[in-house]
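Engineer: So that we are looking at the same thing, I have put the structure below in structure tokens.
The values are calculated or read from the model by the stated rules, or taken from the named source; none is laboratory data. None of these values were measured; they are calculated from a predicted model. Methodologically, a virtual Cβ is constructed for each residue, glycine included, from the backbone with ideal geometry; neighbour enumeration extends over all protein chains shown. Calculation scope for accessible area: heavy atoms of the full protein, side chains included, ligands and nucleic acids excluded. Shrake-Rupley method; radii C 1.70, N 1.55, O 1.52, S 1.80 Å.
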Amino acid sequence: MLGISSIGDNLLKMDELDPKQIAARLGIDVSGVSEEDLMPTVLAALVERNELLNRLSKIQRSISHRAPLQDVLDAITTGASDLLVDEVVGLRLTDPDDPQWTILRSAAGLDPEMTEQLRRGRVGEGVGGRAIAENELVIVYDYETTPGMIQPLAEAHLQAAMAAPVHERGQVVGSLVVASYEKGRRYSKAEQDILLAFADHVSLALTDAKTVQALREAQQAKDMFFAMASHELKTPLTVIMGTLRTIEKHHEALTGHVRGEMLSSAYARGRELKDLIDKMLQGARAELAGTKRQVFLPDLVRDAVKGFDEQRVRVGDIPRTSVETDDAAVRDLVGVFLENAFAHAPQDTEIAVETELLEGHAAITVSNDGQLPDGLDPQDLFQPFTRGVDVAPTGVGLGLYIASRLAEAIDGQIDVESNNGTVSFTLRFPTGAVVDSRS
């Protein structure tokens, strides 16, 4: 990347050098320039570099100040047009819904009709499409006669074009194009560097925008979670306090039976409150999940099913091998699956736990009789405080949400299937270094 610091470094101590040394330091081609014209040529190049420095500084400030992404992209295309003095500038980004196509996100020098004609284009078409496909700077002279160019531009007698790829997190996602109708137009090394510098700042703007958006979404999700959690905590607490207050004020007027029922109800709500707090603490622990150690897979699965009704849980054959994983997170995950199965399965029906080893991964599946509602997106099950219509009344709707967080923390994946009257939740997680089976 042609960074601002590197440009600035090249401008230091110029008064100590002669014009040829200055030109060499800046990478300016002065071959064929007379001694008389050497200094004006170098000074013009210095002015151009200084303008580039100013433009890039403004763009970086707009990025750091979280200016709207479109404003930043428009500033980049305008800057490229002004500095390279080309009539046409366009910024294309790949279509997220169809990466074989690009969308014109910003442009300068195009009339509305031409802009609409160029709104979408194929990757590989034109210099911009080629820069994306080849992931390198592309320059085309004799645009009208070069195969694979964009027909409306060729028919408008475009002469030369240059495109630099745009990246996001190391992947090519677009291109920045400058083009000219001037016959004999040629792009110098300095002009190529300028375009690459602007393309790098597009990459910076895109990456920063995605990062900011992700942070905003995470903060919104956290705010929503705490708002919902506060509501869920308040409901049972209000009932408990109201029940105790009633007993305190009307103790003598209440029969022993009524007082017993009220205390029993308050205790039940207290258990709900404890379960909710436990789930929230479990969710907080998901942030710290990821500590791996060697664990014998049969022991891990058996520990996970402890405490559940052994008469209903059937554990299938478990590969006798050791894996490297966060065993506490896996136990919690399987426990959530089992809690969910007990809450939804018909009374006294069997709940199955199956384990298998795949290439580099282990899979633990918990299955129960039942089916998901028609039209339900399985991903909706992992939203906080989501409960099924047939769930037992003890659930608080946080289990699967926490499970998804735990799975993500251990680089795992949760798959949900509902077939032939059976609902299955499968945890797939990396096994790390698999150790020989115990004898």
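Engineer: Restricting the search to the range 238-258, which residues are of a type outside the set (V, I, T) and surrounded by 15 or more Cβ atoms within 10 Å (Cβ to Cβ)?
Structural biologist: The first filter runs over the range 238-258 and keeps only residues of a type outside the set (V, I, T), leaving 241-242, 244-245, 248-254, 256-257.
Within the range 238-258, L254 is the sole residue that qualifies.
Residues checked against (1) modelled with pLDDT under 85; (2) open to solvent by less than 40 Å² (accessible area, probe 1.4 Å); (3) not charged (D, E, K, R):
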residue: D327; (1), (2), (3): no, yes, no
residue: P373; (1), (2), (3): yes, no, yes
residue: D380; (1), (2), (3): yes, no, no
residue: G395; (1), (2), (3): yes, yes, yes
residue: S439; (1), (2), (3): yes, no, yes
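Engineer: If I ask for residues that are more than 16 Å from the chain's Cα centre (by Cα) and over 23 Å from L93 (Cα atoms), which ones from the range 188-222 would you list?
Structural biologist: First pass over the range 188-222, keeping only residues more than 16 Å from the chain's Cα centre (by Cα): 188-202, 222.
Matches in the range 188-222: S188, K189, A190, K222.
Engineer: Could you please let me know if T355 is of a type outside the set (G, A, S) and either in contact with a Cys (Cβ under 7 Å, 6 or more places away or on another chain) or modelled with pLDDT under 85 (or both)?
Structural biologist: Values: of a type outside the set (G, A, S): yes; either in contact with a Cys (Cβ under 7 Å, 6 or more places away or on another chain) or modelled with pLDDT under 85 (or both): no.
It is false that T355 is of a type outside the set (G, A, S) and either in contact with a Cys (Cβ under 7 Å, 6 or more places away or on another chain) or modelled with pLDDT under 85 (or both).
Engineer: Given the criteria in a helix (DSSP H, G or I), modelled with pLDDT of 90 or more, open to solvent by less than 70 Å² (accessible area, probe 1.4 Å) and over 19 Å from L73 (Cα atoms), does A133 qualify? Talk me through it step by step, then tell me what you get.
Structural biologist: Values: in a helix (DSSP H, G or I): yes; modelled with pLDDT of 90 or more: yes; open to solvent by less than 70 Å² (accessible area, probe 1.4 Å): yes; over 19 Å from L73 (Cα atoms): yes.
Yes.
Engineer: Here's a check for you: in the range 155-192, which residue that is assigned to a helix (DSSP H, G or I) and either acidic (D, E) or touching an Asp or Glu at 6+ places or on another chain (Cβ under 6 Å) (or both) is modelled with the highest pLDDT? Full working, then the answer.
Structural biologist: As a first pass, look at the range 155-192 and keep what is assigned to a helix (DSSP H, G or I): 155, 189-192.
Checking the rest, the ones that are also either acidic (D, E) or touching an Asp or Glu at 6+ places or on another chain (Cβ under 6 Å) (or both) come to 155, 191.
On the way: E155: 92, E191: 85.
The qualifying residue modelled with the highest pLDDT is E155.
Engineer: I would also like to ask the following. Does the range 97-121 hold any residues that are within 21 Å of the chain's Cα centre (by Cα), open to solvent by less than 100 Å² (accessible area, probe 1.4 Å) and without any contact (Cβ under 8 Å) to a residue 12 or more places away in the chain, and which are they?
Structural biologist: Residue satisfying the conditions is D98 alone.
Engineer: Also: Within the range 292-319, which residues are within 19 Å of T426 (Cα to Cα) and surrounded by fewer than 13 Cβ atoms within 10 Å (Cβ to Cβ)?
Structural biologist: Listed by number, the residues that qualify are K306, G316, D317.
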